[in-house]
Amino acid sequence: MDQLHKPIFSRLNKDIPASIVVFLVALPLCLGIALASGAPLLSGLISGIVGGIVIGSISHSSVSVSGPAASLTAVVLASIASLGSFEVFLMAVVLGGIFQLALGLLKAGLIADYMPSNIIKGLLAAIGIILIIAQIPYALGIDAGAEGFIIPEVGIFKQLQLAFSGFLDSLTGGALVISGISLAILISWDKTRLKNFKLLPPALVVVLLGVFLNILFEYTMPSLYLDQAQLVNIPKIDNFSELVTFPDFSAITNPEVWGVAITITLIASIASLLAIEAADEIDPHKRNTPPNRELVAQGIGNTITGLIGGIPITSVIVRSSVNINAGAETKLSSILHGIFLLLSVLFLSSILNLIPLSSLAAILLVIGYKLASWDVITTMFKKGWNQFIPFVVTVVAIILTDLLIGIFIGTLVSIFFLLRSNYHNAFFVENTKIFKGETIRLELSNEVSFFNKASIKNTLWNVPDKSTVIIDATFASYIDNDVLEIFEDFQDTYAKEHNINLNIIGLKDKYDLGQDLEFVQEELQESKEKSTPEEIYEYLKDGNKRYVDGKLVSRRLRNKELMDFINAPPLAAVVNCIDMREPLNVLMNTGIGDLIPVRTAGNLVGESGIKSLEVACLKQGAKFILFIGNSSNKIYVEALNDYREGKNSYLIPLIKDALEANIISRTDVQNENLTELADVITKWNIKKSKSRVFGESEYLRTEISEGRIGMASAFFNRDNGEIQFSVLFRGKGNPILSTDK
């Protein structure tokens, strides 16, 4: 068995105390939700019992706790009124449970896998805020009639004074003392030696302390004593038959019952799936709950609760949060909490009615803060607006409406940002002028769906006249037919009318473009042959700027597409030192095969190097020669260090000419930083190589002088990735004495 999904009886020391805490929190919630739903109070307790024992046993969630949920109170209240009786409503609950079971068997739970994490976090934060707001009156002991502070007949300032005075009068001293001490214990527990006390969780300690303090108040300080209105209140059951209410089975033919059943099915299913996603999110072990199994468990639970008189059940994040924070490790905690609810209803109502609501309020206030803490908000903010805005909208919408409506609104906003992101991420755009006219290259991403249709069409329909458009579909594993139709329309209309040369690279055979779709008007090879040395020079400079700015166009190619690229003529031959191992096509963001590297030791070109450059230009079609050095050249540093120490190293010839030309002196080598001196020698040797190429190769000298081949030097700064280019050499005079730098 997976270590994270522990055997059910393997953590009794954790699960038993946690189940007691969950039971104490669930008890008043079951009663309160039943009351708010217009159902008998016992129906809420029945739902809690079934949710714990039945659903807890069937579900594969280790931490989720099920029971009556606030998200269904409005539905239950309206349905009981419209159907005419609680027994008829129970028939709808039974049907709803059967429908849920069917959804689980049909594996409809996959919807949970597509819920954005920012929506789940927004749900948790909203629940936390709602918990805090709802529990403040219990923590302060405010009277039920305290809302009548405002008296319209008096002025605003008098109203505020009366409201504040009425608020103070409504506070209960005993509740304030108990909740204050309880909060202090809960907040400080993990920061003191109390955390080593493992026998009881802090929440249970708070509950026991609350009972003790209230008993103490009764005999020592009666003014602080809490009466029954501020204590847990469980109705007394004299016999078991009073606990069960059966549905009206004759109502199964009522169409309205079926409508209510479908409503319960949809709301309860979505609420449960969201709740288990949220519970898994805050589970310390990050265990994964199978959603289809959860729907099966919820369906069986709702069928049973409807048969014996309970209101609809869902997985509930409040109780699940309490369970996790109390230290539960397995689903035994949820099962035991259901058993405790059953025992309390039958035998322990008089004892449980001693628990102050302010003690439970303190527990829920701390849980609420953990769910909606400032750290949660700042973490979401750091993830960017596309994550933060849906998060905030979800929180606000849930607070102002209800859970499901809030989730729906937040999801719509999240979908908007998703579509907005897809609008821009369908392709990368590269705009260059290395070929004849202007060239726009669209590299399609892995999946191009109909969501990307507008952005692609907008880009293509705005390309300049007489430009070249290259659509690179090499790594697109899926292209929607709507997008393919855009390519066809562009080829048949806009491209022809505006004299645009269209090329598509890497299109897969499985894309059915239609019999009449022929894209290539002019071969890429012909376009490259028409580019000029000046265009190539600017292209290389722009490519390095894209590299420095982090705006690279990727060059991911498989073998077939790679061969297509290297069959086209190269753009430039690049002379660089063997110390420079950085990929040239990345540094200048060129296409595969655009650059021919000619590596030498120390950037020095000999007879074989000159011959390589002639072949690159004469036979392979390169129209540019670039001599590039790099900073922090380790070969030169080692040579200079050997020279400093008087060693007759094999590297000394690389710096010999620079020393003889007095570019650097022995004194410099003894006293200066060797890395800085290496940069000086690199730049000098590049100029020397340019001079030798221009002087010794009649072919290259003629081609450079007449402007058919361009030549320049450059220096790559390893610290920031920037390449400093010299001016384009025009072939007049000696290159080593020219003005290029």
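Here is how the numbers come out for the structure above:
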| read-out | value |
| --- | --- |
| Output for region 371-401, where each listed residue is of a type outside the set (S, T, N, Q) and surrounded by fewer than 17 Cβ atoms within 10 Å (Cβ to Cβ) | TRP374, ASP375, ILE377, PHE381, LYS382, LYS383, GLY384, TRP385, VAL396, ILE399, LEU400 |
| Options SER320, SER334, SER350: the member that is part of a helix (DSSP H, G or I) and surrounded by fewer than 19 Cβ atoms within 10 Å (Cβ to Cβ) | SER350 |
| Flag for LEU618 being touching a residue at least 60 places away in the same chain (Cβ under 8 Å) and aliphatic (A, V, I, L, M) | yes |
| Filter result for ARG599 (among the charged types (D, E, K, R), part of a helix (DSSP H, G or I) and modelled with pLDDT of 75 or more) | no |
| Top-ranked residue of region 110-120 - restricted to ones that are touching a Ser or Thr at 6+ places or on another chain (Cβ under 8 Å) and within 16 Å of ALA279 (Cβ to Cβ), ranked as modelled with the highest pLDDT | ILE119 |
| Search result, residues across region 602-652 that are in contact with a Cys (Cβ under 7 Å, 6 or more places away or on another chain) and part of a helix (DSSP H, G or I) | GLY602, ASN603, ILE635 |
| Of residues in region 722-741 being in contact with a Leu (Cβ under 9 Å, 6 or more places away or on another chain) and at pLDDT 90 or above, the one surrounded by the fewest Cβ atoms within 10 Å (Cβ to Cβ) | PHE725 |
| Residue ID - farthest from SER359 (Cα to Cα), chosen from residues in region 219-229 that are surrounded by fewer than 13 Cβ atoms within 10 Å (Cβ to Cβ) and touching a helix residue (DSSP H, G or I) at 6+ places or on another chain (Cβ under 9 Å) | SER223 |
| Verdict on ASN288 being in a loop (DSSP other than H, G, I, E, B) and of a type outside the set (Val, Ile, Thr) | yes |
| Residue within region 142-154 that is charged (D, E, K, R), touching a Ser or Thr at 6+ places or on another chain (Cβ under 6 Å) and either exposed (fewer than 11 other Cβ atoms within 10 Å of the Cβ) or modelled with pLDDT under 80 (or both) present | yes |
| Residue match in region 369-379 (condition: without any contact (Cβ under 8 Å) to a residue 60 or more places away in the chain and on the phi > 0 side of the Ramachandran plot) | no |
| Condition check for ILE686: in the same structural domain as ASN585 (by TED's automatic domain parsing), in contact with a helix residue (DSSP H, G or I) (Cβ under 8 Å, 6 or more places away or on another chain) and touching a residue at least 60 places away in the same chain (Cβ under 8 Å) | yes |
| Matching option when the condition is part of a helix (DSSP H, G or I) and either at pLDDT 90 or above or of a type in the set (D, E, K, R) (or both), among ALA268, ALA251 | ALA251 |
| Residue match in region 652-674 (condition: under 55 Å from the mean Cα position of the chain (by Cα), at pLDDT below 90 and buried (at least 19 other Cβ atoms within 10 Å of the Cβ)) | yes |
| Candidates GLY48, GLY32, filtered to the one that is in the same structural domain as GLY338 (by TED's automatic domain parsing), modelled with pLDDT of 85 or more and farther than 20 Å from ASP280 by Cβ | GLY48 |
| Candidate set from region 550-596 (those that are among the basic types (Lys, Arg) and not assigned by TED's automatic domain parsing to the domain that holds ASP719); member that is modelled with the highest pLDDT | LYS551 |
| Of all residues making up region 278-317, the number that are acidic (Asp, Glu) and crowded, with 24+ Cβ neighbours inside 10 Å | 1 |
| Scope region 670-722; condition in a helix (DSSP H, G or I) and aliphatic (A, V, I, L, M); matching residues | LEU674, LEU677, ALA678, VAL680, ILE681, ILE686, VAL693, LEU700, ILE704 |
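To keep it simple, each residue is scored yes or no on (1) modelled with pLDDT of 85 or more; (2) assigned by TED's automatic domain parsing to the domain that holds SER57; (3) over 20 Å from ILE130 (Cα atoms).
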residue: PRO291; (1), (2), (3): yes, yes, yes
residue: ARG319; (1), (2), (3): yes, yes, no
residue: SER334; (1), (2), (3): yes, yes, yes
residue: LEU357; (1), (2), (3): no, no, no
residue: ILE367; (1), (2), (3): no, no, no
residue: PHE388; (1), (2), (3): yes, no, no
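The values are calculated or read from the model by the stated rules, or taken from the named source; none is laboratory data. Computed from a predicted structure; not experimentally measured. All Cβ positions, glycine included, derive from the backbone under ideal geometry; neighbour counts span all protein chains shown.
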